[in-house]
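Structure first, commentary second.
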Amino acid sequence: MTNSKGFLHVTSEIGKLKAVMLHRPGKELERLTPAYLEELLFDDIPWLYQMQKEHDAFAKVMEDRGTKVYYYEKLLEEVLEEEDVAKKFIDELIEITGEDNDRINEEIRQFLGGKTAEELVEIAISGLLKSDLDAGLEKRSLGDYIQRDYPFYINPIPNLYFTRDPGAVIGDGLSISKMNTPARDRETMFLQYVYEYHPLIKKEKTPLWYDYKEKSSIEGGDVLVLSDEVVAIGVSERTSARAVEIIAQRLFDKAPVKKVLAIQIPFTRAYMHLDTVFTMVDHDKFTIYPGIEKAVKAYEITPGKQGLLVKEKASLQQALQDVLKLPSVNLIQSGGGDPITAAREQWNDSTNTLAIAPGVVVTYNRNEASNKTLRSHGIEVVEIEGSELVRGRGGPRCMSMPLVREDLK
């Protein structure tokens, strides 16, 4: 499963999936209430019991096809068994999430310092309630009075089960996202610790294409590895044009990547990432939400002698044909091309497919018209239940971070 340089290896969107990282939804979802949904970047109140059943079934589908499943929380626990790493982690956790009050922050530090690695990871993900710390009723500052009804010292992070967003494996290296919203910085901090300290990753042999402390935002849902030489990156509500330029230059300098295809989509919550409207399902086949097709703009980026060369393409279809050197590509419209059906199913992530092999994708079973359309184009569709998983507005691709894929022949 490993390559000659290190463990991580992804040179396409569709190569047989050999290893993947997931996060099983946990207590962080049970701490959502209607009052705090917007602040915690979530759209609905899920039923955790059913959500976990659906997620377990999703993992089993991949395992049954020969994919090794690693869990975010377990890798992080293994890292935090080292006392010095745990101490550093606690300090950084408080720096990101702490109160504007040194005395309370010190109480949080002491409280977390007495926890096991498993307990520390649980708190870092599901949050720290004020009642958990039991700091007493005495208010130490004006801020304590103003915020007395807010229940958390450390917020839960309910979006962590969308492991696609914090990072992306490109070639033999890793891009750790700079999230667009500070509320999700903790997710990328976790990935940074796994990269830095877990022996699975082999940091010394694994280039880091992007760091979560950089200024310009980029999120994994916008990164599609089309081939060993071509990466597509969405310019979206969550990923900036500047971040695309930065990572493109680094890939050109130190990776086999020769072209980056920047795909601009409308900057709206409904299309927050490129993979919510467009994914690759086979060598020359892509699924696309028809409501977006005319609004998309594509730009081919290549290395030049004095910086990057950027060329606007006539259409997304033409751009894909050119960068992949294909005589034609098939853009398969979700919802069977019907605008109403497509819009309804796009809301439930019909185009957010996860390829587990060429021409084999995992989708939600609720997207009946889109799944039927994929099958009519020769795609094997492996359906999973997602009635609760979908409440976070993400599909199978969003819920998975491929670590290793077989190279395409």
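Quick look at the values:
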{"item": "Pairs, first within 19 Å of Glu388 (Cα to Cα) and in contact (Cβ under 8 Å) with a residue 12 or more places away in the chain in region 342-371, second aromatic (Phe, Trp, Tyr) and open to solvent by less than 10 Å² (accessible area, probe 1.4 Å), C-beta under 7 Å, six or more apart", "result": "Asn348/Tyr364; Asp349/Tyr364; Thr351/Phe278"}
{"item": "Whichever residue in region 386-407 is modelled with pLDDT under 95 and open to solvent by 40 Å² or more (accessible area, probe 1.4 Å) and, among such residues, is nearest to His273 (Cα to Cα)", "result": "Arg391"}
{"item": "Residues satisfying the stated conditions in region 153-167, i.e. under 13 Å from Leu128 (Cα atoms) and open to solvent by 10 Å² or more (accessible area, probe 1.4 Å)", "result": "Tyr153, Asn155"}
{"item": "In region 42-55, residue farthest from the chain's Cα centre (by Cα) [restricted to those that are surrounded by 20 or more Cβ atoms within 10 Å (Cβ to Cβ) and hydrophobic (A, V, I, L, M, F, W, C)]", "result": "Met51"}
{"item": "Inter-residue pairs, beta-carbon under 9 Å, first of a type in the set (Gly, Ala, Ser) and in region 198-216, second part of a loop (DSSP other than H, G, I, E, B), 6+ apart", "result": "Ser216/Thr239; Ser216/Ser240"}
{"item": "Search result, residues across region 360-385 that are assigned to a loop (DSSP other than H, G, I, E, B) and surrounded by 21 or more Cβ atoms within 10 Å (Cβ to Cβ)", "result": "Asn367, Ile379"}
{"item": "Lone qualifier among Ile176, Ile201 - being in contact with a Gly (Cβ under 6 Å, 6 or more places away or on another chain) and buried (at least 19 other Cβ atoms within 10 Å of the Cβ)", "result": "Ile176"}
{"item": "Residue satisfying condition, being in a strand (DSSP E or B), open to solvent by 30 Å² or more (accessible area, probe 1.4 Å) and not aliphatic (A, V, I, L, M), within set Lys18, Lys60", "result": "Lys18"}
{"item": "Count of residues meeting criterion [of a type in the set (Val, Ile, Thr) and open to solvent by 10 Å² or more (accessible area, probe 1.4 Å)] in region 265-284", "result": "1"}
{"item": "Check on Pro207, open to solvent by 30 Å² or more (accessible area, probe 1.4 Å) and either over 27 Å from Glu38 (Cα atoms) or in contact with a Pro (Cβ under 6 Å, 6 or more places away or on another chain) (or both)", "result": "yes"}
{"item": "Residue within region 147-155 that is part of a helix (DSSP H, G or I) and either more than 20 Å from the chain's Cα centre (by Cα) or modelled with pLDDT of 90 or more (or both) present", "result": "no"}
{"item": "Residues within region 43-57 that are in a helix (DSSP H, G or I) and charged (D, E, K, R), tallied", "result": "3"}
{"item": "Options Gly167, Gly171; residue that is over 21 Å from Gly392 (Cβ atoms) and either touching a Gly at 6+ places or on another chain (Cβ under 6 Å) or not acidic (Asp, Glu) (or both)", "result": "Gly171"}
{"item": "Selection count, region 63-83, where residues are of a type in the set (Ser, Thr, Tyr) and not in a strand (DSSP E or B)", "result": "2"}
{"item": "Subset of region 293-302 [open to solvent by less than 70 Å² (accessible area, probe 1.4 Å) and in contact with a Leu (Cβ under 9 Å, 6 or more places away or on another chain)]", "result": "Glu293, Val296, Ala298, Tyr299, Glu300, Ile301, Thr302"}
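Conditions tested, residue by residue: (1) over 15 Å from the mean Cα position of the chain (by Cα); (2) closer than 15 Å to Gly167 by Cα; (3) acidic (Asp, Glu); (4) open to solvent by 10 Å² or more (accessible area, probe 1.4 Å).
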position: Val223; (1), (2), (3), (4): no, yes, no, no
position: Gly234; (1), (2), (3), (4): no, yes, no, no
position: Arg238; (1), (2), (3), (4): no, yes, no, yes
position: Arg242; (1), (2), (3), (4): yes, no, no, yes
position: Ile247; (1), (2), (3), (4): yes, yes, no, no
position: Phe252; (1), (2), (3), (4): yes, no, no, yes
position: Pro256; (1), (2), (3), (4): yes, no, no, yes
position: Val260; (1), (2), (3), (4): yes, no, no, no
position: Ile263; (1), (2), (3), (4): yes, no, no, no
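The values are calculated or read from the model by the stated rules, or taken from the named source; none is laboratory data. In this text the structure is predicted, and so the values were computed from the model without any measurement. Here the Cβ is made from the backbone with ideal geometry for all residues, glycine too, and neighbour counts use every protein chain on show. In case anyone asks, the SASA skips ligands and DNA or RNA and just uses the protein heavy atoms, side chains included. Shrake-Rupley method; radii C 1.70, N 1.55, O 1.52, S 1.80 Å.
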